[in-house]
Amino acid sequence: MRNGVARESHAECPPASGRDPVAILAETDGARIPELLPIRYERMLQSPFTFLRGAAAVMAMIFRPFLKSARMCRPAAIVI
């Protein structure tokens, strides 16, 4: 894959339409304890790493089209 897509070309890749990270996170909030949501989002604001750690659903949505396996996995809740 690296030979087909150079790293430099990643900057030119426009974001996909219809993929709103905030909406994806809000969608997963229904399965969470409402009182803990503010703590979750506060921790996600600390750094890009903690955001990505708390946003497994966003990454799963990004990579879904590239899955080659028929087996799907559901991201587990992350406890910090």
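The table for this structure:
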| quantity | calculated |
| --- | --- |
| Qualifying residue in region 6-15 (condition: surrounded by 10 or more Cβ atoms within 10 Å (Cβ to Cβ), free of Cβ contacts under 8 Å to residues at least 24 places away in the same chain, closer than 22 Å to Met61 by Cβ and hydrophobic (A, V, I, L, M, F, W, C)) | no |
| Matching residues in region 39-49 - criterion: being over 15 Å from Val22 (Cβ atoms), in a helix (DSSP H, G or I) and modelled with pLDDT of 90 or more | Ile39, Glu42, Arg43 |
| Odd one out for Glu35 among (1) modelled with pLDDT under 85; (2) farther than 21 Å from Ala23 by Cβ | (1) |
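The values are calculated or read from the model by the stated rules, or taken from the named source; none is laboratory data. Fair warning: this is a prediction, and the values are worked out from it, not measured in the lab. Backbone-built Cβ (ideal geometry, glycine too); neighbour counts: all protein chains shown.
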